[in-house]
Amino acid sequence: KEENVFFIYQDLGIFQILKDLGIEDRGIYNPLTMITNYQDLLMYDNLGANAVGLSSEIPLGDVKLCSEHSNKVFYLGFGYHPMYQTYRKLASLYKEYSGLEFSLDKMSLKELNKDDISPFVENEYGSIVFRRGVISILESIEKIKGVKYLFVDGIFLLEDKQIIVIDTYRKVLDNIISKEEGLKIIDGLDLVYANKFMNMDSVYNPEDF
């Protein structure tokens, strides 16, 4: 009933419920990895949602292009990006059938031929694998000024660091401090960042890495 309450959802069934209630314009459709270009964006944009979430795996140039075609872009500005999600409880299944004993708290995964260690979460809704580092788009903030909502995902981040990030981004966007000053603050949070891919085109051949 509160007009300032918004609903972020992945299931289009939720959109239908909101539409039946006459409040579809208070919903943000965020399917995490599915929407990667402005044609897809416009298709969901026309449904009447308040905003539509882009995949955080696409280059910033594509995000800029999408924001030039739609004023309803919802995009991750800071945080760990989920790169794989399933409703299956993968760790519990592995634990059951392998006979191994391990805690389901604070898990991580390591690929056989890579050094990267990716945070891994299993809960009542399934399993999620995250990128090993934090995404921070502050350095390229001017490229996505057409984005409607820039959000901070606080998973794995201490509350005090979340507050610093939100405050810093707000001050940079409001021209209270310079981008360079903001970057110094963000760099001082002692986090591992994974921003390189944001300035690269999509790669389809592993040998091109």
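The values are calculated or read from the model by the stated rules, or taken from the named source; none is laboratory data. Keep in mind the model is a prediction, meaning the values are calculated, not measured. Cβ coordinates were reconstructed from backbone atoms using ideal geometry, including for glycine residues, and neighbour counts include every protein chain displayed. These accessible areas exclude ligands, DNA and RNA; they are computed on the full protein's heavy atoms, side chains included. Shrake-Rupley method; radii C 1.70, N 1.55, O 1.52, S 1.80 Å.
General remarks:
- Considered as a group, the residues in the range 52-88 that are of a type in the set (S, T, N, Q) and under 13 Å from the mean Cα position of the chain (by Cα) include one that is nearest to Val129 (Cα to Cα), and that residue is Gln85.
- Considering residues of the range 123-138 that are open to solvent by 30 Å² or more (accessible area, probe 1.4 Å) and over 17 Å from the mean Cα position of the chain (by Cα) only, the residue nearest to Ile8 (Cα to Cα): Tyr125
- The set of residues from the range 16-31 being outside any strand (DSSP E or B) and either of a type in the set (D, E, K, R) or touching a strand residue (DSSP E or B) at 6+ places or on another chain (Cβ under 6 Å) (or both) comprises Leu18, Lys19, Asp20, Glu24, Asp25, Arg26, Asn30.
- Set Phe120, Phe102: member being surrounded by 15 or more Cβ atoms within 10 Å (Cβ to Cβ) and either under 30 Å from Cys66 (Cα atoms) or not β-branched (Val, Ile, Thr) (or both): Phe120
- Count of residues meeting criterion [modelled with pLDDT under 90 and out of contact with any Asp or Glu (no Cβ under 7 Å at 6 or more places or on another chain)] in the range 13-35: 3
- Remark: Asn30 falls outside the filter, which requires a residue to be surrounded by 15 or more Cβ atoms within 10 Å (Cβ to Cβ), closer than 21 Å to Lys145 by Cα and in contact with a Lys or Arg (Cβ under 7 Å, 6 or more places away or on another chain).
- Subset of the range 161-170 that is among the aliphatic types (A, V, I, L, M) and open to solvent by 70 Å² or more (accessible area, probe 1.4 Å) - its residue that is nearest to the chain's Cα centre (by Cα): Ile166
- Close pairs from the range 153-175: first at positive phi, partner open to solvent by less than 50 Å² (accessible area, probe 1.4 Å) and among the aliphatic types (A, V, I, L, M), Cβ under 8 Å, at least 6 apart: none
- Hits in the range 1-27 (condition: open to solvent by less than 60 Å² (accessible area, probe 1.4 Å) and either of a type in the set (D, E, K, R) or within 22 Å of Cys66 (Cβ to Cβ) (or both)): Tyr9, Phe15, Glu24, Arg26, Gly27
- Criterion (polar (S, T, N, Q), over 29 Å from Ser178 (Cβ atoms) and either touching a helix residue (DSSP H, G or I) at 6+ places or on another chain (Cβ under 9 Å) or part of a strand (DSSP E or B) (or both)) met by exactly one of Ser127, Ser140, Ser67: Ser127
- Selected residue [surrounded by fewer than 10 Cβ atoms within 10 Å (Cβ to Cβ) and either at pLDDT 95 or above or among the aliphatic types (A, V, I, L, M) (or both)] from Leu173, Leu150, Leu112, Leu189: Leu112
- For first residues located in the range 177-195 and closer than 22 Å to Pro59 by Cα, partners that are at pLDDT below 95 and among the basic types (Lys, Arg) and lie 6+ apart or on another chain with Cβ distances below 6 Å form the pairs Ala194/Arg131.
- Index of the failed condition, Asn195 passing every other in (1) over 28 Å from Gln85 (Cα atoms); (2) touching a Ser or Thr at 6+ places or on another chain (Cβ under 7 Å); (3) surrounded by fewer than 18 Cβ atoms within 10 Å (Cβ to Cβ): (1)
- The range 70-99: number of residues that are touching a Ser or Thr at 6+ places or on another chain (Cβ under 6 Å), part of a strand (DSSP E or B) and surrounded by 15 or more Cβ atoms within 10 Å (Cβ to Cβ): 4
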